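In what follows, a single structure is set out as structure tokens and then discussed.
Just so it is clear, none of the values below were taken in a lab; they were calculated from the coordinates. Keep in mind the model is a prediction, meaning the values are calculated, not measured. Cβ placement follows ideal geometry from the backbone for every residue including glycine, while neighbour counts extend to all protein chains displayed.
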Amino acid sequence: MRSNWLLVTIALSAGVAAAVGVGKIAPLMPLIRVELGLSLTEGGWVISSFMTIAVLTALPVSLLALRVGVYRYALIALALLSIGGFATAFANSFTHLLIARMIEGIGYIGVAVAGPGLVVSAVNNDDRPLAMGIWATWIPLGMGSVMLITPLLLNVAQWRSVWMILAVFPLLLMVLVGRSFASLRSQTTISSSSPKPDFRTILKPGPFLAAGCFACFSGMFIVVVSFLTTLWTETMGIDLGLAALLTSIVVLLGAPGSILGGWMLQRKFSLRTIVVVGFVFPGLTAMMIFLPAFPWWIQGLSAVIFMSLSTLTPGVLFGLGSHFVRSPTNIPMVIGVILHGVALGHFLGPILFSALIDAMNGEWAYGAYYFLALVCLGSVLFYRLSKHTHVSVNKQ
């Protein structure tokens, strides 16, 4: 089978549409907090509410996607993203905002589960690690691009109008995915003749360790993305539009790292080497972002280093998903387990970080301890993961 990279790109675009739902909150949060009178902690809950459904249902959703087919499930998920987006635009209270964001979250986890299935259906086994590395760019591409265009849209529209404009994007992708993958429907749906899912796959340590590693990464990633704009506007007095623009550029720089991670995995680089370069070092560098003793440009440089190198991690972890299974049928289940880690980090990260800063009377410097703790925990989990995967052979 020859890999169809156009279909991979279309599947990636669906992921980008889902990641837009995560990224659009960062540049708009200062305006939302002012209009609805939200505290920093409540703002953290709004960010995390998007992931509430994912934390609870990532694995069940992956099993449901296996039953109805990733093709159909992707279309349903994109529709929910749009519905939730329009509902959020009309939110007039903290509770309304949380509920609407949860609807978006259901669509988000649906695309996150179905997307890898679409990608796998479009490539051969040899290209699978690289293709999954490309898929892993959906988060930085979606978040970074929306953070880049949102300040421009705010020049001509209020935040509610911007939210409605962005809600149209998933609808367009629903049509594109529907037309492009229609010929693959029979390959992405479990039939009576298809290999049955092997539930023993997700009972092994590998997928759960990968989920724990991803939780540590996503807990750092979402905090940097979500609070960098607020940090610069509140402590450095930088204009909101400029701060959001700089943050979006920082996030977009993470996309090449995910592809590089998948490529390094395919080329048999040592997993431990990738972890040091793509997790430990950038995680420690991220501590400098929230130290007000440094000028904003040093904080920005630290953010660039963090984002450019740390995104090796999702490319590797998504790529490992295919190494934990014997049949492609089981890939959505493994991705579902890994997504629990993604969602857990996204859910708890903003809550824990904002609660820590609030408890320390708004002293952003204490955020460095948050990153140090995740680096230590993630390093232990990655060490254990290297013991449970054969993808640890040094490149010759």
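Brief remarks follow.
- Once the Cα atoms are used to define both axes, helix 25-36 deviates from the longest principal axis of the chain by about 50 degrees.
- Residue among Ala58, Ala89, Ala167 with the largest mean-square fluctuation in a Gaussian network model of the chain, springs linking Cα atoms under 10 Å: Ala89
- Computed over segment 101-178, the P(r) curve from all C-alpha pair distances, binned at 10 Å from the origin, holds 15, 41, 31, 12, 2 percent per bin.
- As a size descriptor, the averaged projected area of the C-alpha convex hull of the chain was calculated at 17.7 nm².
- Nearest-ten-degree value, helix 205-235 long axis tilted from longest Cα axis of the chain: 30 degrees
- Those residues of segment 59-87 whose amide nitrogen sits under 14 Å from the label point placed on Ile99, 7 Å along Cα→Cβ: 84, 87
- Relative contact order (%) - criterion: Cα under 8 Å, at least six apart; region: segment 5-386: 28 percent
- On full extension, the segment bounded by Val175 and Asn4 gains 59.7 nm, given 0.36 nm per residue less the C-alpha separation.
- Potential lengthening between Ala182 and Ile165 on full extension [0.36 nm per residue; Cα-Cα distance subtracted]: 3.4 nm
- Secondary-structure-derived ellipticity at 222 nm for the chain, considering helices only, amounts to -25000 deg cm²/dmol, per-run term -39500 (n - 2.57) for DSSP H runs with n ≥ 4.
- Residue order, fewest to most beta carbons within 10 Å, for Arg2, Arg384: Arg2, Arg384
- Between helix 70-89 and the chain: long-axis angle, C-alpha atoms, 0 to 90°, nearest 10: 10 degrees
- Partner aspartates and glutamates whose Cα lies under 16 Å from the Cα of Lys24, excluding those fewer than 8 positions away in the same chain, are identified as Glu104.
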